[in-house]
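To start, the structure under review is shown below, and the notes come after it.
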Amino acid sequence: MLEKLKRNKSDKDYLISEIRRLKKELNAVLLVHYYQENDIQELGDFIGDSLQLSQEAAKTQADVIVFAGVHFMAETAKILNPDKKVLLPDLNAGCSLAEGCPVELLQKFKEKFPEHILITYINSSAEVKAISDVICTSSNAEKIVNSFPKTQKIIFAPDKNLGKYIAKKTGRDMILWPGSCIVHETFSESKILKLKLENPDALVISHPECEEGILNISDFIGSTSSLLNYVIKSDKKKFIVVTEPGILFQMRKKCPEKEFIPALPEAACNCNNCPYMRLNTLEKLYYCMKNGSPEIIINEELRLKALKPIQKMLELS
Ligand code: 13P
Ligand code: SF4
């Protein structure tokens, strides 16, 4: 049967039909982030931002969770589902924010501020989550920060851009860990301003991981799914989109009559594609489902410590 498929279909069609077959055979759910390549988005049982994906992982009835996203997302799914198999097509699909915040250094940083609680962005390792008081994502960070009294002192890690934006929105004076996203910090403010001049009818919509200068010239700021919902609901017809361009696939699909202009990075290259997210391919997705590997494994003691602040976030969301 497989050989027949192989003979009669192109490689891509073969991979797609095999991934669909394996989903049924394994009773697997395929969770996909918006920054994945278009073909993977098309195969997803659920596509969402980090919060929605963790909520979906928390309630799934599937036996296997296949995560087309990056390591911290799959690791969060495993923390929430210790008895399920969690697969990630490429274990090297990391995140510059998680990598730029080693737990030993964050622990030392935290010790300097004993009166502060630690609110940590979900783009972090399980070890970092384990020393945190509560986790947040870009879609609930404001709500999580506001759930604490104004007098509560806060350290926010690891994204300084999101932290600065939330500090401004909530009127809090938070201590920020100096991390950033290599994708969102690469966008050029001057090129966005030029695009705005060339397209005076376009709105600038940005992810809060962008630098302050870009957020200041944005008409709307939000997580990937908030950006998508915004363009769906807006009566405007043109948008300059300042985030990883994977999201454009859903925007164009949901609003074929609207125009989406991807913002450009400073350099003349494609470095606004997330190099970690894009490590996942259809081939790797197929092989990980076929082989049951690479699998996310986590030590139980660490899992229990990391679970607490994640559960707190889910309760507050
Ligand atoms: P969202 O939660 O907005 O999808 O963000 C995830 C991410 O990694 C952004 O760079
Ligand atoms: Fe991490 Fe940035 Fe890639 Fe998101 S886009 S996974 S924050 S490196």
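How do the pairs read when you match residues in the range 123-149 that are open to solvent by 30 Å² or more (accessible area, probe 1.4 Å) with residues anywhere that are at pLDDT 95 or above and among the charged types (D, E, K, R), using Cβ under 6 Å and keeping only pairs 6 or more apart or on different chains?
If the second residue must be at pLDDT 95 or above and among the charged types (D, E, K, R), the pairs left are Ser139/Asp49; Glu142/Lys169.
Output the residue which, of all residues in the range 162-195 that are open to solvent by 40 Å² or more (accessible area, probe 1.4 Å) and not in a helix (DSSP H, G or I), is nearest to ligand 1 (Cβ to nearest atom).
Quick first cut of the range 162-195, residues open to solvent by 40 Å² or more (accessible area, probe 1.4 Å) only: 164-165, 168-169, 171, 173, 175-176, 178, 182, 185, 189-191, 193-194.
Within this subset, residues satisfying the condition of being not in a helix (DSSP H, G or I) are 171, 173, 175-176, 178, 182.
Working: Gly171: 23, Asp173: 25, Ile175: 22, Leu176: 17, Pro178: 17, Ile182: 10 Å.
By that ranking, first place goes to Ile182.
Of the conditions (1) within 13 Å of Phe187 (Cβ to Cβ); (2) of a type outside the set (Asp, Glu); (3) open to solvent by 30 Å² or more (accessible area, probe 1.4 Å), Ile205 clears all except one; give me its number.
Ile205 satisfies all of (1) within 13 Å of Phe187 (Cβ to Cβ); (2) of a type outside the set (Asp, Glu); (3) open to solvent by 30 Å² or more (accessible area, probe 1.4 Å) except (3).
Of the conditions (1) closer than 18 Å to Gly292 by Cα; (2) within 16 Å of ligand 1 (Cβ to nearest atom), Ala28 clears all except one; give me its number.
(2)
Taking the range 229-247, which residues are open to solvent by 10 Å² or more (accessible area, probe 1.4 Å) and in a helix (DSSP H, G or I)? Before the answer, list the steps.
Just the residues of the range 229-247 that are open to solvent by 10 Å² or more (accessible area, probe 1.4 Å), to begin with: 229-230, 232-238, 245.
Selection gives Asn229, Tyr230, Ile232, Lys233.
Take Pro275 and decide whether it is within 16 Å of ligand 1 (Cβ to nearest atom) and either in contact with a helix residue (DSSP H, G or I) (Cβ under 8 Å, 6 or more places away or on another chain) or among the aromatic types (Phe, Trp, Tyr) (or both).
No: the conditions fail for Pro275.
What strands (runs of 3 or more DSSP E), lying completely within the range 1-91, carry at least 3 residues that are open to solvent by less than 20 Å² (accessible area, probe 1.4 Å) and basic (Lys, Arg)?
Values: elements: 28-33, 46-48, 64-68, 85-87.
Ranges flagged: none.
Look through Ala141, Ala157, Ala126, Ala130 and report the one residue that is modelled with pLDDT of 95 or more, farther than 21 Å from Pro102 by Cβ and under 21 Å from the mean Cα position of the chain (by Cα). Outline the logic, then answer.
Values: Ala157 fails: farther than 21 Å from Pro102 by Cβ; Ala126 fails: farther than 21 Å from Pro102 by Cβ; Ala130 fails: farther than 21 Å from Pro102 by Cβ.
None of the other options fit; the residue is Ala141.
For the range 150-161, what are the residues that are open to solvent by 30 Å² or more (accessible area, probe 1.4 Å) and within 16 Å of ligand 1 (Cβ to nearest atom)? Spell out how you get there, then give the answer.
Step one: of the range 150-161, the residues open to solvent by 30 Å² or more (accessible area, probe 1.4 Å) are 150-153, 160.
Lys160, the sole residue that qualifies.
The values are calculated or read from the model by the stated rules, or taken from the named source; none is laboratory data. Remember, it's a predicted structure, so these values are computed and weren't measured experimentally. Don't worry about glycine lacking a Cβ; one is built from the backbone with ideal geometry, like all the others, and counts go over all protein chains shown. Accessible surface is based on the protein model in full, side chains and every heavy atom, while ligands, DNA and RNA are left aside. Shrake-Rupley method; radii C 1.70, N 1.55, O 1.52, S 1.80 Å.
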